[in-house]
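Have a look at the structure below before the remarks.
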Amino acid sequence: MSATDKPLTPMLRQYYEIKKQHPGTLLFFRLGDFYELFFDDALIASREMEITLTARHKETGTPVPMCGIPYHAASGYIAKLVRKGFRVAICDQTEEASAAKKLVKREVVRVITPGTALESQLLESKQNNYLAAICGAGDGMGLALLDLSTGEFLATEFRGENAWLRVREQLEIFGPKELLFPNSLSPLFGHKSKTSFATSHTSFHQTANNQTTENPVALSDASSQSFEEFTLSPLDDWLFGYEHAEGLLLAQLGVAALDGFGLKGKSFAVSAAGAAVHYINETQRAQAGHLTEITYFESSEFLILDATTLSNLEIVEANDGNKAHTLLGVLDDTMTGMGARLLRQWLLRPSVRLAEIEMRLDAVAEFKQNSIKRDQTRRLLESLADLERLAGKITLSRITPRELQALRQSIETFPALQRQIADAQASLLQTLAENFDNLDDLGELIKTAIADEPPAAANEPGIIRDEYNAELDELRNLAKSGKSYIAAIEARERGRTGIASLKVKFNNVFGYFIEISHTNRDKVPADYERKQTLVNAERYTTPELKEYEVKVLGAEERIIALEIELFKEIRLKLAQQVKRIQGVARAIALLDVTSTLAEVAARRGYVRPQLHEGDEIEVRQARHPIVETFGERFVPNDLNLNNTTDRLLIITGPNMGGKSVFLKQSALLSILAQMGSFVPAASAKLAIVDRIFTRVGASDNLASGRSTFMVEMTETANILNTATPRSLILFDEVGRGTATFDGLSIAWAIAEYIHDHPQHSAKTLFATHYHEMTELEKLRPGVRNYQVAVSERNGEIVFLRRVVEGCASKSYGIEVARLAGLPRSVVERAREILTNLEQNELDLTGKPKFARHLKKPSAKLNQLSFFDETAQNDSPS
């Protein structure tokens with residue numbers, strides 16, 4: 001149903017004109033105390049918000065579909081739509097109805113999208129809400145990441161034929177909520193999208209009826225299915241033009257050149273970042289003044305953890321869906337939203353710079369050693385508001401009076417917080433203490449100007465404190481004196497008229513009036529003017545009452561207008577200092593993360609790792625941080641790895657014996673150490689690694705027609721082509737997805753390749769059930785065999801969970817099957833078959849004697865047994 005199919009009323013014509021300017025959005029059109037949606041928007045919104053669909057102009061025979069929600073309840077409904085991937089345009093009245101000659105002027109004041117949301121219902125306090133933008137061609141690609149809620153702004157670019165893979169990798173790490181890209185790159189996503197892309201720079205992904213629809217798309221294959229999906233937003237290609245983008249960035253950052261931000265010669269990064277700024281300006285209808293810096297980064301500055309590795313190691317998402325059962329869940333005892341987001345960033349992008357890591361470790365060590373300082377610091381941090389997000393709200397004019405009071409209360413805590421680190425020895429803490437800005441002047445401004453208990457909204461009376469503004473005080477006095485003034489008029493008129501029941505009243509329709517019952521109307525003075533007749537009374541006014549009404553009502557209206565005006569002035573003063581607020585927020589986040597890591601280290605018995613830029617990894621009594629937290633008693637193990645004599649460890653042993661845990665804990669220790677955390681071990685000497693690869697388990701990707709084995713081989717190919725001597729590789733049961741001999745052959749060739757090729761000769765842990773691979777130790781100098789120890793007692797096995805040198809003599813798979821609860825007859829038969837296979841017992845046809853003890857089938861079944869031929873050949877002739 002289209003708006004153009006019928007003649008439009010003036011109001012609907014206004015709606016239609018505004019809607020044309022904002023295709024691809026659901027338009028929330030303000031009518032009085034409601035937001036209304038019409039036509040196709042109403043059909044979609046009523047379904048998605050689960051509200052009643054009604055219609056206007058039914059009497060004309062061409063009803064207009066319509067649905068609406070109360071203005072005061074809109075935020076919850078908007079959040080529901082945005083979470084589903086829709087873009088919502090907020091169209092408000094921009095002039096008072098009393099000032100309008102015809103229609104009240106309306107315009108879109110903001111477009112809310114998944115990547116630009118500021119509403120608390122749409123933000124997770126413990127993680128960033130990134131908007132991403134990508135662009136590029138065959139010779140390179142750019143990537144920008146912007147968190148509007150905090151002001152964090154990052155950019156990078158990649159050159160060469162693998163540029164898209166590297167961009168995709170970063171998207172998987174950062175997990176943006178929304179992705180901007182030029183229409184020319186639509187083929188990158190078309191095979192995963194059921195929608196067509198629109199060409200308007202304000203448009204979103206569209207359905208056939210040109211309306212938005214939920215369309216989150218994950219950019220990687222089965223390996224990253226556990227990662228958050230994001231909404232696709234295609235834009236016109238010209239928005240990614242270098243000159244346009246550069247101009248926007250220069251204006252946004254207030255500089256004459258971008259060289260100081262590391263963007264010289266980074267044309268792809270600049271283009272992506274400029275498109276992100278354009279999108280923010282278009283959607284917010286306000287200058288995002290808190291976007292004051294942009295940071296250019298190289299992926300080589302961080303330990304790279306791709307989506308597969310993050311998933312396999314359960315860094316931020318657990319296999320069982322419980323977020324507590326992740327490495328982040330074990331570590332995150334932060335006190336603030338700022339600290340929680342920084343902790344997550346460190347965990348997803350550990351550093352590879354030794355000096356930076358050591359600086360973090362020094363701070364953690366100091367907090368760990370001084371429990372009093374740590375406890376007092378954390379107690380103070382717990383009371384702080386989320387300064388990063390408050391700073392964003394200030395510049396975008398979204399902050400409320402109550403949030404300003406929360407900012408003031410936080411500022412009052414700063415002196416005590418600074419005292420806690422004033423005598424610090426760690427250089428990081430010393431720097432924070434010396435440069436800590438207490439924001440005294442901003443706290444004093446808020447304290448002087450904002451009432452202690454202000455209203456929730458910025459357009460309600462009671463925001464400004466008494467004695468802040470003389471005119472406001474005078475108006476308030478006039479309004480407050482109303483009761484006593486009205487009481488005096490009422491008493492005087494009763495005496496003058498002799499009417500004891502005379503009352504002076506007020507309502508919103510008639511204003512102030514004198515009410516007299518009909519039984520007393522003969523006593524009404526001649527100077528009274530009739531206003532309204534009721535069933536039992538008459539209402540009158542007087543010149544004095546008219547004059548007072550004008551004065552009082554004008555004062556009340558002026559009070560609201562003046563408070564709004566003063567609040568905007570205060571907000572502007574704070575916005576001019578937002579960079580200072582952001583600086584303090586970063587300092588607080590650092591204090592929060594380092595004190596939290598110290599708390600976890602003290603509570604769980606972690607030790608400081610010794611990091612170096614060589615190639616040796618020597619760990620004593622290492623533990624898996626997640627398993628030891630939520631599992632039973634943990635058995636620690638040692639690890640020795642290097643790039644020469646112990647570069648490839650072949651690990652054999654039964655399922656459930658602990659091979660996978662050993663592999664994963666080895667990687668987790670490196671991640672913890674390089675993010676700046678202590679580690680669960682008795683001691684740890686760790687080489688800095690540039691990347692961790694994991695090939696652990698696989699699942700079919702049926703949607704793209706890829707089998708388990710295909711997924712396994714694709715991931716393995718990526719490892720073999722990408723690993724460096726500084727990488728760490730975990731292989732768990734490579735080759736098991738195909739026939740035994742094929743799998744063994746592939747696993748053997750992979751191990752040889754890693755060992756023999758210097759450019760890909762990474763430190764590798766290779767867990768396998770192919771016992772034949774232990775022969776590699778005799779053939780390659782860098783291979784060492786290890787096994788998971790098992791004890792056999794009275795025919796039963798006990799998993800010791802200890803990794804020791806040597807190779808397992810058998811896999812104990814049947815014993816594991818018994819422990820899993822297979823029927824006893826199945827287990828016994830499996831043992832018999834295994835014995836036959838191991839003894840190479842064959843029948844006359846050369847087949848294993850699987851069916852020696854099978855009974856002959858009953859004649860009643862009237863069908864042959866699968867093993868009939870074997871049984872007959874095995875019987876005496």
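The values are calculated or read from the model by the stated rules, or taken from the named source; none is laboratory data. Just so it is clear, the structure is predicted and the values come from calculations on it, not from any experiment. With ideal geometry, Cβ positions are generated from the backbone for all residues, glycine too; neighbour counts draw on all protein chains shown. When the accessible area is computed, the model is the full protein with side chains, heavy atoms only, and any ligands, DNA or RNA have been set aside. Shrake-Rupley method; radii C 1.70, N 1.55, O 1.52, S 1.80 Å.
Taken over segment 47-66, the criterion of being under 24 Å from V104 (Cα atoms), open to solvent by less than 40 Å² (accessible area, probe 1.4 Å) and not hydrophobic (A, V, I, L, M, F, W, C) is satisfied by P65 alone.
Could you tell me whether segment 40-53 includes any residue that is acidic (D, E) and modelled with pLDDT under 90? Explain how you work it out, then say what you get.
First pass over segment 40-53, keeping only residues acidic (D, E): 40-41, 48, 50.
Okay, now just the ones that are also modelled with pLDDT under 90, so none.
No: zero hits.
Return yes when S595 is hydroxyl-bearing (S, T, Y), open to solvent by less than 10 Å² (accessible area, probe 1.4 Å) and farther than 25 Å from R379 by Cα and no when it is not. Here the answer is no, as S595 does not meet what is asked. Residues in segment 604-616 that are assigned to a strand (DSSP E or B) and more than 15 Å from L354 (Cα to Cα): V607 alone.
Among the residues in segment 34-46, are any in a helix (DSSP H, G or I) and loosely packed, with under 15 Cβ neighbours inside 10 Å?
If we filter segment 34-46 for residues that are in a helix (DSSP H, G or I), which is where we start, we get 39-46.
Imposing the further condition that a residue be loosely packed, with under 15 Cβ neighbours inside 10 Å reduces the set to none.
No, that holds for no residue.
Restricting to segment 507-525, and then to whatever is exposed (fewer than 14 other Cβ atoms within 10 Å of the Cβ) and not aromatic (F, W, Y), can you tell me which residue is nearest to Y540 (Cα to Cα)? Step by step, filter segment 507-525, then rank; the result is P525. Counting only helices (runs of 4 or more DSSP H) that sit wholly inside segment 306-354, those with at least 1 residues that are within 21 Å of N129 (Cα to Cα), among the basic types (K, R) and open to solvent by 20 Å² or more (accessible area, probe 1.4 Å) are 337-348. The condition of being open to solvent by less than 10 Å² (accessible area, probe 1.4 Å) and in contact (Cβ under 8 Å) with a residue 24 or more places away in the chain holds for H290.
In segment 782-809, of all residues being crowded, with 16+ Cβ neighbours inside 10 Å and either part of a loop (DSSP other than H, G, I, E, B) or of a type in the set (D, E, K, R) (or both), the one that is modelled with the lowest pLDDT corresponds to A808. Cβ-Cβ distances below 7 Å connect the following pairs, each with a first residue in segment 396-410 that is under 16 Å from V584 (Cα atoms), a second residue that is part of a loop (DSSP other than H, G, I, E, B) and open to solvent by 10 Å² or more (accessible area, probe 1.4 Å), and a separation of six or more residues or different chains: A406/A385; L407/A385; S410/L384; S410/A385. In this entry, A276 is excluded by the filter for residues that are open to solvent by less than 30 Å² (accessible area, probe 1.4 Å), under 23 Å from G583 (Cβ atoms), modelled with pLDDT under 95 and in contact with a Leu (Cβ under 9 Å, 6 or more places away or on another chain).
A count restricted to segment 619-647 and to residues that are assigned to a helix (DSSP H, G or I) and open to solvent by 20 Å² or more (accessible area, probe 1.4 Å) stands at 4. For E282, the conditions (1) closer than 22 Å to W238 by Cβ; (2) touching an Asp or Glu at 6+ places or on another chain (Cβ under 8 Å); (3) open to solvent by 50 Å² or more (accessible area, probe 1.4 Å) are fulfilled apart from (2).
Residues satisfying the criterion are absent from segment 599-613 (criterion: open to solvent by less than 40 Å² (accessible area, probe 1.4 Å), over 30 Å from L328 (Cβ atoms), among the charged types (D, E, K, R) and touching a Lys or Arg at 6+ places or on another chain (Cβ under 9 Å)).
Only one entry of T377, T395, T448, T400 meets the criterion of being β-branched (V, I, T) and farther than 21 Å from K573 by Cα, and that entry is T377.
Take the conditions (1) in a loop (DSSP other than H, G, I, E, B); (2) open to solvent by 30 Å² or more (accessible area, probe 1.4 Å); (3) within 19 Å of L562 (Cβ to Cβ); (4) at pLDDT below 95; E474 misses just one of them, which is (1). Say we look at segment 533-585 and pick out the residues that are out of contact with any helix residue (DSSP H, G or I) (no Cβ under 8 Å at 6 or more places or on another chain) and within 30 Å of G151 (Cα to Cα); which of these is most open to solvent (accessible area, probe 1.4 Å)? Looking at the filtered set, the residue picked out is Q576. If you take the residues of segment 141-174 that are over 17 Å from R349 (Cα atoms) and aliphatic (A, V, I, L, M), which of them is most open to solvent (accessible area, probe 1.4 Å)? Across segment 141-174, the extreme among qualifying residues is L165. Kindly indicate whether G85 is out of contact with any strand residue (DSSP E or B) (no Cβ under 9 Å at 6 or more places or on another chain) and either more than 19 Å from Q14 (Cα to Cα) or modelled with pLDDT under 95 (or both). Taking the combined requirement at face value, the residue does not satisfy it. Among the residues that make up segment 459-467, is at least one of them modelled with pLDDT of 95 or more and open to solvent by less than 40 Å² (accessible area, probe 1.4 Å)? Yes, there is a match, as at least one residue in segment 459-467 is modelled with pLDDT of 95 or more and open to solvent by less than 40 Å² (accessible area, probe 1.4 Å). All conditions but one from (1) assigned to a strand (DSSP E or B); (2) in contact (Cβ under 8 Å) with a residue 40 or more places away in the chain apply to T774; the one that does not is (1).
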